[in-house]
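Trainee: Shown below is the structure under consideration.
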Amino acid sequence: MPDQDKKPLLHVLPAILTGAAALIASLTAVYVNTRGDRQATPQQAAQPSVQQPAAAPAPAAESAGPRTVHLRLDRIAVQHDGSVGSTDWRFAVELDGEPLFVFQQDDLDDTGGRNVALPEDVGSNIEITPGKAAHLAVKAWRGSRLRLVEGEPDAQGEGVVAATGALAPLAVAASKPEKGAFVLYFSAASE
């Protein structure tokens, strides 16, 4: 009689798969939070300068001339990729009207769980003049095999790099957001 009360393996398989998925998700979260290969976040990079207010001559020396800061793109949050499925995009970043860098980001997807892209080695050194903010502009073109002439950008956005190097998340969007909308997260670290 006990064999008749036993459920077939097919009946418990969804529970086993759900448990395995939860285990993988939690192990991934632990790995991402504890790995040591990430660079310091802007908040961590800013902490040493906060602890130096006792040295008054250092800030005065910094205010005398421009300083070099490494502006780096950390991630792209995709709100709308502009098409069905994933889409390739090319981004051009300008600082005060001058080209800074251009990069291609393939397979951007607005599907939940896939809507964050982590570009590799995208950034440049910039000069920041104390007391003067810099204007940052991002232009984006959707990848297309049919496009023969580049033309106007499909999406664009603007932001300001503060004199301290701080930059709020920058929204880049088409005139109709469903044709392409992103939020770019930059960090700036002193060289």
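The values are calculated or read from the model by the stated rules, or taken from the named source; none is laboratory data. Predicted model only: the values in this text are computed from it and were never measured. Glycine gets a Cβ as well: all are built from the backbone with ideal geometry, and neighbour counts include every protein chain shown.
Trainee: Among what's in the stretch 31-46 and is exposed (fewer than 10 other Cβ atoms within 10 Å of the Cβ) and in a helix (DSSP H, G or I), pick the residue that is modelled with the highest pLDDT.
Mentor: Applying the filter and picking the extreme gives 34.
Trainee: Give me a count of the residues in the stretch 77-101 that are surrounded by 15 or more Cβ atoms within 10 Å (Cβ to Cβ) and under 27 Å from residue 129 (Cα atoms).
Mentor: Within the stretch 77-101, residues that are surrounded by 15 or more Cβ atoms within 10 Å (Cβ to Cβ) and under 27 Å from residue 129 (Cα atoms) number 6.
Trainee: To continue, here is another question. Any residue in the stretch 106-117 that is in contact (Cβ under 8 Å) with a residue 40 or more places away in the chain and farther than 13 Å from residue 89 by Cβ sitting within a Cβ distance under 8 Å of a residue that is surrounded by 11 or more Cβ atoms within 10 Å (Cβ to Cβ) and not hydroxyl-bearing (Ser, Thr, Tyr)? List the pairs, counting only those 6 or more apart or interchain.
Mentor: Close Cβ pairs (under 8 Å, with a partner that is surrounded by 11 or more Cβ atoms within 10 Å (Cβ to Cβ) and not hydroxyl-bearing (Ser, Thr, Tyr)) amount to 116/75; 116/76; 116/77; 116/78.
Trainee: Those residues that are in contact with a Pro (Cβ under 6 Å, 6 or more places away or on another chain) and of a type outside the set (A, V, I, L, M), I need them from the stretch 68-104; list them, please. Walk me through how you get there before you give the answer.
Mentor: Applying the first criterion (in contact with a Pro (Cβ under 6 Å, 6 or more places away or on another chain)) to the stretch 68-104 yields 73, 80.
Selection gives 80 alone.
Trainee: Note down all Cβ pairs under 9 Å where the first residue falls in the stretch 1-26 and is within 28 Å of residue 113 (Cβ to Cβ) and at pLDDT 75 or above, the second is among the aliphatic types (A, V, I, L, M) and surrounded by 10 or more Cβ atoms within 10 Å (Cβ to Cβ), and they're at least six residues apart or on different chains.
Mentor: Here the result reads none, with nothing in the stretch 1-26 linked to a residue that is among the aliphatic types (A, V, I, L, M) and surrounded by 10 or more Cβ atoms within 10 Å (Cβ to Cβ).
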